[in-house]
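Report on one structure; see the data block that follows.
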Amino acid sequence: MMGANVEVIEERVLFSPDMTPEVNAMLQSAVANADDFDRARELLYEAKAMAPQQLEVYIALYKFLFYRGFCDEAEIIAREALSQAAMQGRFDSDWRVLDSNSSNWSVEDGPQRVYLYSLKALAFIRLRKGRSDEAKAILAKLSQLDPLDQVRGSVIMEMAAAL
């Protein structure tokens, strides 16, 4: 049974204070087991199944997968994060139809920020996969939704321009 032996000695990463202790423990255990890819991945997926509404779990999972070279899987999770954030924020999940009036994009702590952050991640993933035209289209939308560059999409834009 997955997650039967989750033990956390110390908190290594601070997640949302709204996160349940069980999900936090699972994420902390994933961090502690980061060198054991299969175990860490299993814990992250279990946390996602346990708390599908917890947006930080998606971020942790797609970052973990991306930085270990699992770009296809990371893209799936980033798209799930976009869908979940849009559902929670009550706006369309399709970034192509969004504009500055679709939501209050300047909210610092909410599903809008997670959506923007995940949109940036999706652009980075597409860039890494060699799909630079798609990445640039996503980044153009991101700059429209986040004109103050609060999620630092400009960093990925500079990388895309350099390619």
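The numbers here are math on the coordinates, done by the rules we state, and not lab data. Just so we're clear, the structure is a prediction, and the values are computed from it rather than from any experiment. FYI the Cβ positions are ideal-geometry reconstructions off the backbone, even for glycines, and counts take in every protein chain you see.
Odds and ends about this structure:
- Basic side chains Lys and Arg get +1 at the Cβ, acidic Asp and Glu get -1 at the Cβ, and with that the dipole of the chain about its Cα centre reaches some 600 debye.
- Among 29-37, 51-59, 95-103, the order from most to least packed when residues are scored by Cβ within 10 Å on average: 51-59, 29-37, 95-103
- Ignoring lysines fewer than eight residues from Lys129 along the same chain, the ones with Cα atoms less than 16 angstrom from its Cα are Lys63, Lys120.
- Relative to the 2.2 N^0.38 Å rule of thumb, segment 75-141 has a C-alpha radius of gyration ratio of 1.05.
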